[in-house]
Amino acid sequence: MISNILKNIGYNDNEIIDIIKKYDLKEYDKEKDLEKLFTRLGYTNKKYNKIINTYPISNLTSETLYYKLVEIYFGLLKLNYKNEMIIKMTTLLPALYAYSIENIKNKIKDMMDIGYTLEELIKMTQLLPSLLGYNIENIKEKIDFYKEVGIQDIILTDTKRLMQSVALSYARYMFLTSKGIIIDINNYTKLFYNQKKFASLYGVTTEELVQMYDYNEYENKENEKFLNNFTIIKNILKNIGYEDNEIIDIIKKYDLKEYDKEKDLEKLFTRLG
C-alpha cells in the first residue's frame, strides 16, 4: 500500500525504495506504528499529541491517519517543501492530514495560473497553511481587490490577511476612505483590526459596515465596467455558454484584448501556447 501511495504521488521505483529504507516505512500493523512514524519524520511528542487530538484528525482511525501521513508528508516533500516546513504547517493546521494530495496539487496549479511561482506559494502557505483549502474563486476575489487598492504586496508578505472576507475588507476600505484615511502599504493593518478595536476606534460595527458598503453591488458594477471593454469577445464567449464571471476569468488568464492590429493575432496564438 505504501509503495502505491508514493507511486501515485509521482515517485519512481528507485525513489520509493530509498524513502522506505530512509524512513524505515512499514505497512500499518498496530496503533504504536503511528506514533513511531511521526517521531521518525521529526515530530515531537507534544506536536504528535496536538495533531491526533485536533478535529477532524481525531475522527480518523490510527490506520487511516498512518497512510494519510505518508500521502501528505511525502506529497509535500515532492512539491519541494522542506521537512521543517511540513512539520510547522501541519502543526499549525493538523487538518492538512485529512486533505488529498491531489487537491493540494490542484490548488497550487490554480494559484500558479494566477501568476505566482511555486517558490512564492511555498512561502505563502507556510504563513497560511489553510490557503491550500480555500476556494480558488474566493482567493482570486481577494487578490483582485487588494491589487485594485494598491496593497497587493501583503499577499506575499502578510498572507494571513487572506483569512478576512473580501466583503469586510471592502466595507472597511470604503468607510476609512470616506473619513479621509488613505489606505496604503504603510497603514493597511487598519483594515484588519479585530472587530472590537475597529468599533471602538471608529464607532461602527461590522454589521453596519457591510450594510453601508455592499461588496456584491460593487462587484457587479466592476464586472459590468470591465466587460464593456470587451464587447465582441464577451459576446463570442457568452454565445458559447460562458457566464460573466467565467468570461472575466478567461479574459484575465489569457490577457485577451479586442482586435486592433495584425500583430495581435500572433500574440494571441503565442499566449495560447
For segment 166-227, take the alpha-carbon Rg, divide it by the Kirkwood Rh, and send me Rg/Rh. 1.00
Please state the charge dipole magnitude for segment 138-190, taken about the Cα centre, from unit charges on C-beta atoms (+1 on K and R, -1 on D and E), reported in debye and rounded to the nearest 20. 180
Over the chain, what relative contact order in percent results from Cα pairs under 8 Å that are six or more residues apart? 11
Please enumerate, by chain and number, the lysines with C-alpha under 18 Å from the C-alpha of Lys190, excluding those fewer than 8 residues away in the same chain. Lys142, Lys147, Lys160, Lys179
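How big is Rg to Rh over the chain, alpha-carbon atoms, Rh as the Kirkwood inverse-mean-distance radius?
On the way: Rg = 23.1 Å, Rh = 21.9 Å.
Result for the chain is an Rg/Rh of 1.06.
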Test of understanding: in a Gaussian network model of the chain with alpha carbons linked when under 10 Å, which of Ala98, Ala199, Ala167 would top the mean-square fluctuation ranking? Ala199
Tell me the relative contact order for segment 83-205 as a rounded percent, counting alpha carbon contacts under 8 Å between residues six or more apart. 19
Would you mind estimating how fast segment 111-259 diffuses translationally, via Stokes-Einstein at 4 °C and 1.567 mPa s with the Kirkwood radius over Cα pairs, in µm²/s? 76
Taking the square root of 5 times each eigenvalue of the Cα gyration tensor, what semi-axes in Å does the equivalent ellipsoid of segment 64-103 have, largest first? 14, 12, 9
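Kirkwood Rh over Cα pairs of segment 32-86 into Stokes-Einstein at 4 °C, 1.567 mPa s: D in µm²/s? It would help to have the intermediate numbers written out before the result.
Working: Rh = 11.6 Å.
In µm²/s, the coefficient rounds to 112.
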Under a Cβ-only charge scheme (Lys and Arg +1, Asp and Glu -1), can you give me the dipole magnitude of the chain about the Cα centre, in debye to the nearest 20? 1020
Cubic angstrom per residue, convex hull over Cα atoms of segment 1-132: 99
How many angstrom lie between the C-alpha centres of segment 38-94 and segment 126-144? 21
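What's the FRET efficiency of Tyr254 with Lys82 using the Cβ-Cβ distance as r and R₀ = 41 Å, to the nearest 0.05?
Numbers: r = 34 Å, r/R0 = 0.83.
Efficiency for this residue pair is about 0.75.
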Once you've got the GNM for the chain with C-alpha springs shorter than 10 Å, pick whichever of Asn14, Asn106, Asn45 has the biggest mean-square fluctuation. Asn14
Comparing Leu60, Leu96, Leu201, which has the greatest mean-square fluctuation in the GNM of the chain with Cα pairs linked when under 10 Å apart? Leu201
Where the only charges are on Cβ atoms (+1 Lys, Arg; -1 Asp, Glu), what is the dipole of segment 1-142 about its Cα centre, to the nearest 20 debye? 420
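Tell me which trypsin sites (Lys or Arg not before Pro) from segment 20-76 have a DSSP coil assignment and no more than 13 other beta carbons within 10 Å of their own.
Of the trypsin sites (Lys or Arg not before Pro), the ones in loops of segment 20-76 whose Cβ has at most 13 other Cβ atoms within 10 Å are Lys26, Lys30.
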Compute the Kirkwood hydrodynamic radius of segment 61-162, taking the inverse of the mean of 1/r over all pairs of distinct Cα atoms, and give it in Å to one decimal. 14.1
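Could you put Phe269, Phe175, Phe38 in order, starting from the residue whose Cβ has the fewest other Cβ atoms within 10 Å? Intermediate results must be reported in sequence, preceding the final value.
On the way: Phe269 9, Phe175 18, Phe38 23.
Fewest-to-most Cβ neighbours within 10 Å comes out as Phe269, Phe175, Phe38.
Per the helix-only calculation at 222 nm, which mean residue ellipticity applies to the chain, given -39500 (n - 2.57) for every DSSP H run of n ≥ 4 and division by its residues, nearest 500 deg cm²/dmol? Walk me through the intermediate numbers first.
Values: 17 runs with 173 residues, N = 273.
Only helices count here, giving -18500 deg cm²/dmol.
Each reported figure results from applying straightforward, stated rules to the coordinates on display, with no laboratory input. Only a predicted model underlies this, so the values are computations on that prediction, with no experimental measurement involved. Cβ sites come from the backbone with ideal geometry, for glycine too, and all protein chains shown count toward neighbours.
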